[in-house]
Amino acid sequence: MNSSLAPYAVTPHNTRGRQITEAAPVGRSEFQRDRDRIIHSAAFRRLEYKTQVFVNHEGDLFRTRLTHSLEVAQIGRSIARNLHLNEDLVEAITLAHDLGHTPFGHAGQDTLNTCMKDHGGFEHNLQSLRVVDVLEERYADFDGLNLCYETREGILKHVAKKNIAKLGEIGARFLNHQSPSLEAQLANHADEIAYNNHDIDDGLRSGLITQEQLSDITIFSRHFAQVKERYPVLSGRRLIYEIIRRMINTLATDLTQQSIRNIENANLHSLSDVHKSSPIITFSDKIRQEQQVLKKFLRDNLYNHYRVVRMSNKAQHTIERLFNAFSTNTRLLPQKYQIKYQSEQYQSIADYIAGMTDRYAIKEYKRLFAIGES
Ligand code: MG
């Protein structure tokens with residue numbers, strides 16, 4: 001596979017390696033090993049029961065963070081192959097990108113951030129890195145998963161300025177204004193392609209948005225017209241699927257073609273050229289604008305739909321009350337977190353809450369506040 005990699009791709013030879021040196025893997029690449037460690041982690045299994053937009057128990061067909069992550073990985077790998085980038089690295093980053101998410105989606109993350117505002121705040125990207133660097137307890141020789149630098153770099157998509165200093169090497173690129181690898185840039189766009197499209201799908205399935213509303217959105221109506229031309233009588237779920245699969249294809253193709261143009265224009269020849277360049281993996285202006293319109297539509301009509309807002313409100317209430325109870329009386333914490341609290345204080349409470357699945361958080365809430373539950 002390595003011979004087909006572009007000169008500016010990350011390879012097992014130009015990797016900055018692991019924090020703790022390990023013998024090279026046998027029968028798989030360094031980044032395949034990273035992917036395998038991620039898949040076998042406890043945090044990865046918990047993604048099955050964490051909200052993407054719809055709370056896990058609302059329906060069996062909606063995306064969870066696990067199926068979202070799998071879709072991101074699929075899209076990312078396909079594009080990586082076409083761009084001769086490191087597919088294994090893209091797969092590792094995409095499968096790990098949401099490991100630090102709290103229960104209840106963005107509402108959970110925002111609430112925990114507010115609860116933690118006097119204690120360093122809470123960022124899900126940083127928490128994803130914390131999961132793979134520190135929190136997973138699987139190996140005899142180290143905490144975390146001891147992943148390669150480039151996998152960790154891709155997981156840490158953003159970080160607040162105030163938190164950069166404590167990150168050391170992995171935070172340096174934010175201070176030096178350096179771009180991450182093309183694989184990391186790609187993983188980020190694959191995430192966006194996946195959620196915009198599956199949120200349309202889930203939004204329509206739930207009935208919170210309608211096909212009529214979407215007819216005003218160019219990127220949707222253009223693909224709707226294409227499907228109708230070929231299959232005039234098609235309707236229902238198959239019509240939606242035919243539209244969405246075309247949209248994903250259009251976005252993936254546009255991202256690939258525009259990025260190839262950007263690579264040529266920037267005259268990239270090595271990984272260090274990538275770090276010095278402005279972002280290379282981008283959509284064309286036209287598609288980027290269409291995506292922005294779609295995002296605004298989803299924000300106004302789906303994420304801010306009163307039924308989603310009600311769910312977010314419950315999530316906020318649940319997380320706030322859990323956090324307040326634990327921080328007021330740390331003896332309510334499970335033993336393990338009481339011990340951690342002695343050295344890490346509020347961070348240990350944030351770790352405990354962020355690690356919860358939706359249903360675990362609901363159960364824990366009942367255990368703490370409902371008489372008769374234990
Ligand atoms: Mg995501």
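Probing with 1.4 Å while keeping every protein chain in the model, the per residue accessible area of segment 226-326 equals 57 Å².
Separation of segment 356-370 and segment 260-300, taken as the distance between their Cα centroids, equals 41 angstrom.
Partners of LYS366 within straight-line reach, counting lysines whose Cα lies under 23 Å from its Cα and excluding those fewer than 8 residues away in the same chain: LYS50, LYS314, LYS336.
Which value in Å does the Kirkwood hydrodynamic radius of segment 1-114 take, with 1/r averaged over all unlike C-alpha pairs and then inverted?
Evaluated on segment 1-114, it is 15.7 Å.
Shape class for the chain, computed from the alpha carbon gyration tensor (a ≥ b ≥ c): oblate, with a/c not under 1.5 and a/b at or below b/c.
Can you pull the accessible area of GLU22 for me, 1.4 Å probe, Å² to the nearest 10? Accessible area of GLU22: about 60 Å².
With Cα atoms defining each centre, segment 127-147 and segment 1-38 are spaced 18 Å apart in the structure.
Of the two radii for segment 157-217, the radius of gyration is 1.23 times the Kirkwood radius, both from the alpha carbons; that is the Rg over Rh value. Taking Cα centre as origin and charging only the Cβ of basic (Lys, Arg, +1) and acidic (Asp, Glu, -1) residues, the dipole magnitude of segment 30-309 rounds to 560 debye.
Mean projected area of the Cα convex hull of segment 71-194, taken over all directions, amounts to 8.4 nm². For HIS106, the accessible area of its heavy atoms, probed at 1.4 Å with every protein chain present, is near 100 square angstrom.
Accessible surface of ARG130, taken over heavy atoms with a 1.4 Å probe and every protein chain present, rounds to 50 Å².
The values are calculated or read from the model by the stated rules, or taken from the named source; none is laboratory data. What you are looking at is a predicted structure, and each value in this text was computed from that prediction instead of being measured. In this analysis, Cβ positions are derived from the backbone assuming ideal geometry, glycine residues included, and neighbour counts consider all displayed protein chains. Calculation scope for accessible area: heavy atoms of the full protein, side chains included, ligands and nucleic acids excluded. Shrake-Rupley method; radii C 1.70, N 1.55, O 1.52, S 1.80 Å.
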